[in-house]
Amino acid sequence: MTKNAGAAININDVDLLPILANDFNLMSRQVGALFNVLCDIYGTDKVVLKASKLEALDLMRSEALPERVLALQKLVYEDPTITDVPSESDIPAILVAIQEEIAEFIARRTVEDKLEQRIAEKMQERHEEYVQEIRRQVLKEGSGPENAQTLKKLAILEKLSHTSLSRTIMEALRPRRLEEIVGQEQAVQSILAKLASPYPQHMIIYGPPGVGKTTAARLALEEARKISSSPFKASAPFVEVDGTTLRWDPREVTNPLLGSVHDPIYQGARRDLAENGVPEPKLGLVTEAHGGVLFIDEIGEMDPLLLNKLLKVLEDKRVEFDSSYYDPNDESVPQYIKKLFTEGAPADFILIGATTREPEEINPALRSRCAEVFFEPLTPADVETIVREGAERLGVKLEPAVPGLIAEYTIEGRKAINILAEAYGLSLYQQQRKKGRRRRLITVANVMQVIQNARLTPYVTVRAKDTPEVGRVLGLAVAGFVGSVLEVEAMAFPAREAGKGSIRFNETAGSMARDSVFNAAVVYRLLTGDDLANYDVHVNVVGGGNIDGPSAGLAIIAAIISAIQERPVRQDVAVTGEISIRGKVKPVGGVMEKIYGAKQAGMKLVILPAENAAEVPDSLQGIAIQPVATVEEALDYLLMGPGEGRGRRRNRTGA
């Protein structure tokens, strides 16, 4: 390149703007002028060398104007991949662009020359050992902490922030008002009553997943803000965290829930604090929730020691900070840090914990400080309502059988919405491939394809039926907060030798269920006068499920008597209850969950211990409840025989 090329050449001398497409001679002269400009900038030898490397040497020497323009493009843009020979009509625009590129290059070279001149002047004034420092000063002048790399990363972040996908289906279909939460009216009212009071209560919400516990808590706070008697202000925060993801260091190095102190040496306090040896307190979520609600999902999964520390904060309504590096007499300590170490950070909030665990599994100290609210599992009707409302919000129609089909495969509102959303996407995809009118319709076939792809199985496998059977009794079991119907069957044959019969029972059902079989043998003799040892009896719990408790005793004795006496058993009645060796029916746990399971299976009647009758709410609908005190009384409603009706006694009915 020639020295001071930028100063010697004025690109404006090569005026390309007036070029006309039909003025071939003028364009040719302009191209020649641009080649001369390049030779002045780089030097003729370097232009020839560069043209050789860029495979443009033959094009430069060509008589054809388009080929010479192509050579000019290769040289200016230094791009050997430009291979398309431009048409004559495109040449004027190309020459204008080349002029701009050359002008930009010359301007850049001019700035560089001036910069070199400034550096040379400073080098003359100062010693050589300061040359590098002076160069950095010139280059950094006005740039601050930014450089090309940091600005590039900032631009990428800003571009990413403007790109987003559509909301998730749960965000789009999440209830916006308390009235939209399906199947939990009593629980929602209970939460709202505890928050809207002038003296709000901490609470634990129990219930299966996907029934709206988190949404109910959030909406209840929004509603409580509007009530004058509530202590929550309009700006009261709702801070949500998952108990399974809360991690902390017992050395208090970090604690996102309660807060921690960053010591200046080991944990890296802010630079201006670390230089003076001042520790820096970091506030936690409990302070962020001050004046509002701290919602901890899956609170039963929290670290026990961290939970105990949280209980201390609940009592004190304040978080204390401590550090061996803190010196109250140090004048370099900011006032806010002194205040935090002296008084602590405020943490006056209402704790709402949600869990899928049983109450007995939750820390007793936590339970003693909290009111307890129970969410019910969703009924098939509830799931169908959720599906219909979700379809309405999506603006899509459903075939009549779709809500019922989805309700057969899940009892979770969240899962039902996910099935609906996937079926919706499948429907859109299939309709896009079809020609003609498109309908926003979700069909049974769409839902079945989703169910098959997800390998889902029907939630309820045992259903009520009108035809009685011998030796088959429907019991009730509980798993978590969900009840289900349990099949207990029995077969009996006369023993080959009187008094030497045997009783067999599947071992996987558990030791307590096996004890219920032995109790049933005693009760059978008590009720009939016959000895069970005269029969070979096989009792089986279908599916081999483990029965954690004696509540299957009533179902087992009924199955044995039905099998031996060949008396049919109603298949629309479910039973639960422990039996004593005196023939009494004793109370059991999980009554409401078991009734729910019976309703899911379509049962008309549930037989339960008389001592559990008080646990059944008067508002129960859709199923009849019959309390019994003895085995004999239960058999009157369960077994059929000559001269016996389907239930001669009056029963409690919630229908």
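Just so you know, all these numbers are worked out from the coordinates, no wet-lab data involved. The structure displayed is predicted, hence computed values, not measured ones. A quick note on method: Cβ atoms are made from the backbone with ideal geometry, for glycine too, and the neighbour counts reach across all protein chains shown.
Quick one: length gained pulling Ala172 to Glu100 fully straight, 0.36 nm per residue minus the C-alpha distance? Don't skip to the answer; put the middle values down first.
On the way: separation 72, 0.36 × 72 = 25.92 nm, distance 5.06 nm.
Full-extension gain reported as 20.9 nm.
Compared with the alpha-carbon gap, the fully stretched path from Ala498 to Ser62 is longer by 145.0 nm at 0.36 nm per residue. Calculated on C-alpha atoms, the gyration radius of the range 174-374 divided by its Kirkwood radius gives an Rg/Rh of 1.04. Beyond a 28 Å Cα-Cα separation, which of these cross-linked pairs lie in this structure: Lys194/Lys312; Lys233/Lys317; Lys226/Lys312; Lys114/Lys159; Lys500/Lys604; Lys46/Lys114? Correct reply: Lys226/Lys312; Lys114/Lys159; Lys500/Lys604. A protection proxy built from the mean count of other Cβ atoms within 10 Å ranks the segments 25-32, 555-562, 459-466, 516-523, most packed first, as 555-562, 516-523, 25-32, 459-466.
Report relative contact order for the range 174-374 in percent, whole number only (criteria: Cα-Cα under 8 Å, sequence separation at least 6). Walk me through the intermediate numbers first.
Numbers: 348 pairs, mean separation 57.7, N = 201.
Once normalised by length, the contact order is 29 percent.
Straight-line reach from Lys584: taking Cα to Cα under 21 Å and skipping same-chain neighbours fewer than 8 places apart, the lysines in range are Lys594.
Counting beta carbons within 10 Å around each of Glu100, Glu360 and listing the fewest first gives the order Glu360, Glu100. DSSP beta bridges fully contained in the range 174-374 are about 25 percent antiparallel. Label separation (Val522 vs Arg388): 5.2 nm, computed from points 7 Å beyond Cα along the C-beta direction.
Sort the range 469-653 into rounded, prolate or oblate with this rule: let a ≥ b ≥ c be the square roots of the eigenvalues of the Cα gyration tensor; rounded if a/c is under 1.5, and if a/c is not under 1.5, prolate when a/b is larger than b/c, oblate otherwise. Show your work: numbers first, answer last.
Working: a/c = 1.86, a/b = 1.45, b/c = 1.28.
Prolate, because a/c is 1.5 or more and a/b exceeds b/c.
Any idea what the relative contact order of the range 277-425 is, in percent, if you count C-alpha pairs under 8 Å spaced at least 6 apart? Each step should come with its number before you reach the end.
Values: 143 pairs, mean separation 39.7, N = 149.
Relative CO of the range 277-425 lands at 27 percent.
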